[in-house]
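Structure, as structure tokens:
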Amino acid sequence: MRIYVDIDKCTGCEVCVASCPFGAIEMQEGKAVINEACTFCSACVEVCPVGAIIKEEAEEAILPSRVDISQYQGVWIFAEQRRGKLQKVTFELIGEGRRLADLLSQELSAVLVGHKVDELAEELLYYKVDKVYYVDDPALAVFQDDPYSESLAYLARKYKPAIILTGATNIGRSFIPQVAIKLQTGLTADCTGFDIDETGKHLLQTRPAFGGNIFATIATYYHRPQMATVRPKVMRPMPRQQTKRGEIIKESFPAQERLPCRTIFVESVDDLESTVNLAEADIIVSGGRGLGDPSYFAQIRQLAEVLGGAVGASRAAVDAGWIPYSHQVGQTGRTVCPKLYIAVGISGAVQHLVGMQSSDVIVAINKDPNAPIFKVATYGIVGDLHEIVPAMIRRFSQR
Ligand SMILES: Cc1cc2nc3c(=O)[nH]c(=O)nc-3n(C[C@H](O)[C@H](O)[C@H](O)COP(=O)(O)OP(=O)(O)OC[C@H]3O[C@@H](n4cnc5c(N)ncnc54)[C@H](O)[C@@H]3O)c2cc1C
């Protein structure tokens, strides 16, 4: 889309300048000029008395043509594994995928990519999937966006699933938009609920918007597959069954499907991986500006360690350079939903709350009894964190 001024028609009346709520129109040599502050709101188009401001809708030109949706069948979930271990989100996706597949009376398949992970393909058969599509290739040994997205897009083109669900994890969020682009379809990020519409054909994808204040339901009527990432810890995981069922379909990753990989894997930093996997953590201890000094994050880490949890942080702590951004919880950081969230020296600004308020149990430690964090806390401890945190570490260590 673009909005531009036809200079031959512009009379320099300046009506558009006054109409623009964003100050995006300037006069240059007696003619209106639209600058980069323009948000395409079209207020100027409507007021121009001589029709000199033109809005050009370009979407049709870039949208892919509609597909025959009847050719697409089945629900796929992306079985995320790291270092040969299936991640919890995989079982949550299977739980939800099974429900949707049953509603549609179609098959549920898990898609696994990796190297030397044959056992995982077998393991998936214990979780009520009908099929496991599996690509084993050295190029998929460690996660990299390009080979992951190329292999999944290849499988999707070949088998035409109606739905593909992926975890809204670091891995899922990173590569799945590339898959959607390759397949020329839409992608709804961070969904917390699904349903099938009344026609029985389309997936209704619900996700929170505007910091959780509204829920948007999105449908993909004309393109396939219908793709979504799913927030971890929202869906009920499928329990492991006593017996296996379903079949494994082993696929290759054909040379013609591969493009040169644009990243080089250097090394995986264990320490970072274990501490920052916030999305999957059952317990998170987060520190904020109230710590007063970066050195006190050592205590936050210690408390997280004795509880077997991960370390989070407020943006104020991250902005101060006390801890890397990968730990940030909130609107511009991670959305988390652990069983226990302990907020230490965090005031509870709305931008922090939207990232953690759906935690099962929230414990807030703050010296200000009026801190907003107490409004969402299950248990509030009013006091000095420098006394309370060491006491908690001592007590939990004993237990
Ligand atoms: C567009 C936008 C996006 C944002 N995104 C995020 C986001 O993703 N995540 C996020 O966290 N913030 C985000 N913010 C920032 C947010 O508005 C707050 O500024 C930030 O969360 C405050 O961090 P804090 O609670 O650590 O610090 P403060 O608000 O300064 O709170 C510190 C708290 O510590 C308490 N305290 C101080 N000393 C002690 C003590 N000795 N013992 C006990 N308690 C003590 C104080 O009473 C206070 O309540 C965003 C802001 C904007 C505008």
**Message:** Using the Karplus curve 6.51 cos²θ - 1.76 cosθ + 1.60 with θ = phi - 60°, what ³J(HN,Hα) values do you get for each residue of segment 239-252, in whole Hz, with x for Gly and Pro?
**Reply:** x, 5, 8, 5, 10, 7, 8, x, 10, 9, 10, 8, 10, 9
**Request:** Give the long-range amide H neighbours of Thr188: residues separated by 5 or more places, or on another chain, with amide H under 5 Å away, using H modelled in the peptide plane at 1.01 Å from N.
**Result:** Met227, Ala228, Thr229
**Message:** In the chain, if the dipole is taken from +1 on Lys/Arg beta carbons and -1 on Asp/Glu beta carbons about the Cα centre, which of Ser19, Ser314, Ile176 is farthest to the positive end?
**Reply:** Ser314
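What shape does segment 227-310 have by the C-alpha gyration tensor, where a ≥ b ≥ c are the square roots of the eigenvalues, rounded means a/c under 1.5, and otherwise prolate means a/b greater than b/c and oblate the rest?
Values: a/c = 2.89, a/b = 1.57, b/c = 1.84.
Judged from the Cα gyration tensor, segment 227-310 comes out oblate (a/c at least 1.5, b/c at or above a/b).
Just add up the charged neighbours of Val111: K/R +1, D/E -1, any other residue whose Cβ is under 11 Å from the Cβ of Val111.
Values: positive: Lys131; negative: Glu80, Glu251.
That works out to -1.
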**Prompt:** Along segment 282-290, what does the Karplus equation 6.51 cos²θ - 1.76 cosθ + 1.60 (θ = phi - 60°) give for ³J(HN,Hα), rounded to whole Hz, x for Gly and Pro?
**Reply:** 7, 10, 10, 10, 10, x, x, 4, x
**Fill in**
Calc'd 3J(HN,Hα), segment 135-144, phi into Karplus 6.51 cos²θ - 1.76 cosθ + 1.60 (θ = phi - 60°), Hz, glycine/Pro = x, comes to 10, 10, 7, x, 5, 10, 4, 10, 5, 9
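Given contacts defined as C-alpha pairs under 8 Å and at least six residues apart, what's the relative contact order of the chain, whole-number percent? Before the final figure, lay out each step's value.
Details: 812 pairs, mean separation 46.5, N = 399.
For the chain, the relative contact order is 12 percent.
Can you pull out the GluC sites (Glu not before Pro) in segment 222-324 whose DSSP state is coil and whose Cβ has at most 12 other Cβ atoms within 10 Å?
Details: sites: Glu247, Glu251, Glu257, Glu267, Glu273, Glu280, Glu305; in loops: Glu267.
Loop-located and lightly packed - Glu267.
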**Request:** Just list whichever of Lys233/Lys339; Lys88/Lys158; Lys116/Lys250; Lys88/Lys201 have alpha carbons separated by over 20 Å in the model shown.
**Result:** Lys88/Lys158; Lys88/Lys201
**Request:** Going by C-beta contacts inside 10 Å, put Ser347, Ser397, Ser151 in order with the fewest on the left.
**Result:** Ser397, Ser347, Ser151
**Prompt:** Per residue, what volume in Å³ does the convex hull of the Cα atoms of segment 270-398 enclose?
**Reply:** 91
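Could you give the size of the charge dipole of the chain about its Cα centre, using +1 on the Cβ of each K and R and -1 on the Cβ of each D and E, expressed in debye and rounded to the nearest 20?
On the way: 41 positive and 47 negative charges, 252 e Å.
Dipole about the Cα centre, nearest 20: 1220 debye.
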**Asked** Given +1 on the Cβ of Lys and Arg, -1 on the Cβ of Asp and Glu, and no further charges, what dipole in debye does segment 270-398 carry about its Cα centre, rounded to the nearest 20?
**Response** 340
**Request:** Before rounding to the nearest 500, sum -39500 (n - 2.57) across all DSSP H runs of length at least 4 in the chain and divide by the residue total; then give [θ] at 222 nm in deg cm²/dmol.
**Result:** -8000 deg cm²/dmol
**Prompt:** What are the lysines whose alpha-carbon lies under 18 Å from the alpha-carbon of Lys55, with same-chain residues fewer than 8 places away excluded?
**Reply:** Lys9, Lys31
**Message:** Taking the number of other C-beta atoms within 10 Å as the exposure measure, put His223, His352 in order starting with the fewest.
**Reply:** His223, His352
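Which whole number of Å³ per residue matches the convex hull of the alpha-carbon atoms in the chain? Write down the numbers at each step before the final one.
Details: hull volume 82.8 nm³, N = 399.
It is 207 Å³ per residue.
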**Alpha carbon centroid spacing (whole Å) that separates segment 329-399 from segment 168-198** = 31
**Request:** Run the numbers on segment 69-257 and let me know its relative contact order in percent, using alpha-carbon pairs under 8 Å that are six or more apart.
**Result:** 30
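When a footprinting reagent is the concern and you count Cβ atoms within 10 Å, what order do Ile3, Ile164 take, fewest first? Present the calculation step by step, with values, prior to reporting the outcome.
Working: Ile3 18, Ile164 28.
Placing the least packed residue first, the sequence is Ile3, Ile164.
Every read-out reported here was derived from the displayed coordinates using simple, explicitly stated rules and does not represent laboratory data. In this text the structure is predicted, and so the values were computed from the model without any measurement. Backbone-built Cβ (ideal geometry, glycine too); neighbour counts: all protein chains shown.
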